Amino acid sequence: MKTNRSPVISNGLVILFALLFIFPFYWIVTGAFKIQTVAVAIPPEWFPLEPTLQNFADLFKNPVWRWTFNSFFIASCEMIGVCLAASLAGYVLAKKSFPGRVIIFTLFVAAMALPKQVILVPLFTMLADFGWVDTYHGLILPAIGWPFGVFLMKQFAQTIPSELIEAAKIDGCSELRLFYNIVLPLLKPAMGALAIFTFINGWNDYFSQLILTRSTPMMTLPLGVATLQGEYTTPYGVLMAGAAIASVPMIAIFVLFQKSFTQGITMGAVKG
Amino acid sequence: MLSSIIRVKRYVWRDWLMSYLFLLPAMGFFLLFVAYPMLKGVYISFFNYTLSQFDFVGLANYKHLFQDETFIKSMRNTVMIVIIAVPVVISFSIFVAMTIYRKSEWLRSLFRGIFYLPAVSSVVSITVVWASIYHPNYGILNYITGFFGAEPIAWLGEPRTALLSIILVLITTSVGQPIILYVASLGNIPASYIEAAQIDRASSGQIFRKIIWPMLMPTNLYIIVITTINSFQVFAIIQLLTSGGPMYETSTVMYGVYEQAFMLGSFGLASAMGVILAIVIGIISIIQFKYLGSDVEY
């Protein structure tokens, strides 16, 4: 350590930035408990002195339970679908040789680099032709096609020792049993990361939800809150209450599974 | 002899078949919901495609866009966002990662988590709170700048500040993943390299330039590429905070795609915008890989 000053400055700056990053969330949570006159007061009330639950009561006059169910249901189905499809595909792409393997993997990777939003217009017209707009399957199934999961699982499956698979085969293990009993347990850490990743992305995929949903009961929680934001009469406190419950589940999941989540992000990138 | 060859062949053939069966779900969903829409997007960009029409018009959509002032403005805004956001995200993330990567596991997780908060939260929550922070009359930002004698500003309503205000929100939602990645790859740099340099009395600037920066190159490449792609596609923040206004000052190509397709109902024109955006992103990604990836091993 040559100088002691620069670490002090950089530590201080990082703490300051961290506080600035936390502030919006503090503002959401405290705002959710403020009555309208307090929420728009200048100078602002830094902490709600007379907290109220009225905002939550008003918020739940909208179908918030249904929106919450929709968000959970859609994100969970996407999570299960992606994990299943990606682990099967990732395993054979990493551990099997068959004609077309390299081409197929290249196709997946190339598609991953393309911007997802660009396909949303044609995807929408296609789903509209199917009559799938404003349905659960219309919201869920397209997300399973996104190739990131396959890429992640392939990278991870490569670390499985081939001897293990060979040995199981010599013992006369069938392909499905081999996958289920040997490969799947070994893929578990990557699968955990992929599951959380997919769930959070599914919950937060605002653009898809916006264009593929029509009716109020089919809306997701973030989308429902966004429509409240569009109405100018909605009091701030109600919006903040909505903002709080639209994000709290994701923040909780992230905090609980941070380790596995962080591993997933690093696995997909650093080891390339 | 012959029968054993046939048996081996049959075995190989069965093995291939199993592999294809394993690939089928992922491949099926991918072809139907990603590959096919991609091709269809290119196809319908040559059509005048609205709710009532579907007429082949050749390159007319593209011609129209390159003469359309709104589109050019959106393109300019998009490029501005990328040019400002990407370097800020990269340098901010490296700064934070450098500061926290040698702290205790507990502190590292804490700070990583804090900077990841905006990325993991719903973009709707983020925009709800920023709309209140930026509010001209009772926003907290004007209250704070008021202490320094500044006049209240309609941050999202004035052409001067609207785009920058959007970029600031975008930056806070973009640094989470880069910080996680930089912390991971800084942790992989052997401490002995840095200690050796310190013994040789290298300055911290020299250590950064000669040791740390080169060792971060593979991570840099990945982060620059994904941050660029994400910045090009910023949509929800804009739709929810400004709807592209004032006077298209914050409209981006992605917002234009949404507006054309889902508010004005012209899918052909929207697809043409999407194709142009994809080509621009593709070219820039290739340049980044060529320029930055020359000494990266994958």
- [ ] Residues being more than 12 Å from chain A (Cβ to nearest Cβ) and free of Cβ contacts under 8 Å to residues at least 60 places away in the same chain: count how many of those fall in segment B:15-70.
- [x] 12
Task: Residue in segment A:236-254 that is of a type in the set (A, V, I, L, M), within 11 Å of another protein chain (Cβ to nearest Cβ), more than 19 Å from B:LEU117 (Cβ to Cβ) and open to solvent by 20 Å² or more (accessible area, probe 1.4 Å) present - done: no
Open item on the list: Pull out all pairs, ordered by first then second residue, where Cβ-Cβ is under 6 Å, the residues are six or more apart or on different chains, the first lies in segment B:103-128 and is at the interface with another protein chain (Cβ under 7 Å from one of its Cβ atoms), and the second is among the hydroxyl-bearing types (Ser, Thr, Tyr).
Closed with: B:PRO118/B:THR172; B:PRO118/B:THR173; B:SER121/A:SER247; B:SER122/A:SER247; B:VAL123/A:TYR206; B:SER125/A:SER247
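One line per residue, one yes/no per condition, for (1) free of Cβ contacts under 8 Å to residues at least 40 places away in the same chain; (2) at the interface with another protein chain (Cβ under 9 Å from one of its Cβ atoms):
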| site | (1), (2) |
| --- | --- |
| A:SER10 | yes, yes |
| A:LEU13 | yes, yes |
| A:PHE21 | yes, yes |
| A:PHE60 | yes, no |
| A:LEU88 | no, yes |
| A:LYS96 | yes, yes |
| A:VAL102 | yes, no |
| A:VAL109 | no, no |
Open item on the list: One residue is enough: does segment A:59-66 have a residue meeting the conditions closer than 30 Å to B:TYR138 by Cα, part of a helix (DSSP H, G or I) and either touching an Asp or Glu at 6+ places or on another chain (Cβ under 6 Å) or modelled with pLDDT under 95 (or both)?
Closed with: yes
Task: In segment A:148-168, the residues that are of a type outside the set (A, V, I, L, M) and crowded, with 16+ Cβ neighbours inside 10 Å - done: A:PHE148, A:GLY149, A:PHE151, A:LYS154, A:GLN155, A:PHE156
- [ ] Show the residue pairs that are 6+ apart or on different chains and have beta-carbon atoms under 8 Å apart, the first residue being within segment B:194-214 and outside the structural domain of B:TYR101 (by TED's automatic domain parsing) and within 17 Å of B:SER91 (Cα to Cα), the second being among the β-branched types (Val, Ile, Thr) and loosely packed, with under 13 Cβ neighbours inside 10 Å.
- [x] none
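What about A:ILE74, is it part of a helix (DSSP H, G or I) and open to solvent by 50 Å² or more (accessible area, probe 1.4 Å)? Lay out the reasoning, then the answer.
On the way: part of a helix (DSSP H, G or I): yes; open to solvent by 50 Å² or more (accessible area, probe 1.4 Å): no.
Considered against the rule, which asks whether it is part of a helix (DSSP H, G or I) and open to solvent by 50 Å² or more (accessible area, probe 1.4 Å), A:ILE74 comes out as no.
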Task: Enumeration of residues in segment B:28-80 that are among the acidic types (Asp, Glu) and either open to solvent by 60 Å² or more (accessible area, probe 1.4 Å) or within 25 Å of the chain's Cα centre (by Cα) (or both) - done: B:ASP55, B:GLU69
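Okay, residues lined up against (1) at pLDDT 90 or above; (2) assigned to a helix (DSSP H, G or I); (3) of a type outside the set (Ser, Thr, Tyr):
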| site | (1), (2), (3) |
| --- | --- |
| B:GLY205 | no, yes, yes |
| B:PHE208 | no, yes, yes |
| B:ILE212 | no, yes, yes |
| B:ILE238 | yes, yes, yes |
| B:THR250 | yes, no, no |
Task: For B:VAL12: the one exception among (1) under 27 Å from A:ASP129 (Cα atoms); (2) more than 8 Å from chain A (Cβ to nearest Cβ); (3) among the hydrophobic types (A, V, I, L, M, F, W, C); (4) surrounded by fewer than 19 Cβ atoms within 10 Å (Cβ to Cβ) - done: (1)
TODO: Could you list, in sequence order, all residues of segment B:136-148 that are open to solvent by less than 40 Å² (accessible area, probe 1.4 Å), at the interface with chain A (Cβ under 8 Å from one of its Cβ atoms) and out of contact with any Phe, Trp or Tyr (no Cβ under 8 Å at 6 or more places or on another chain)?
DONE: none
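Confirm whether B:ILE83 is at pLDDT 90 or above and within 13 Å of another protein chain (Cβ to nearest Cβ). I'd like the intermediate steps shown before the answer.
Working: at pLDDT 90 or above: yes; within 13 Å of another protein chain (Cβ to nearest Cβ): no.
Spelling it out, it is not the case that B:ILE83 is at pLDDT 90 or above and within 13 Å of another protein chain (Cβ to nearest Cβ).
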Open item on the list: Checking the condition under 23 Å from A:VAL40 (Cα atoms) and either within 11 Å of another protein chain (Cβ to nearest Cβ) or open to solvent by less than 40 Å² (accessible area, probe 1.4 Å) (or both), which residue from B:ILE166, B:ILE224, B:ILE194 passes?
Closed with: B:ILE166
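The values are calculated or read from the model by the stated rules, or taken from the named source; none is laboratory data. Being a predicted model, the structure only gives us computed values, none of them experimental. Counting neighbours? That spans all protein chains shown, and the Cβs are built from the backbone with ideal geometry, glycine included. In case anyone asks, the SASA skips ligands and DNA or RNA and just uses the protein heavy atoms, side chains included. Shrake-Rupley method; radii C 1.70, N 1.55, O 1.52, S 1.80 Å.
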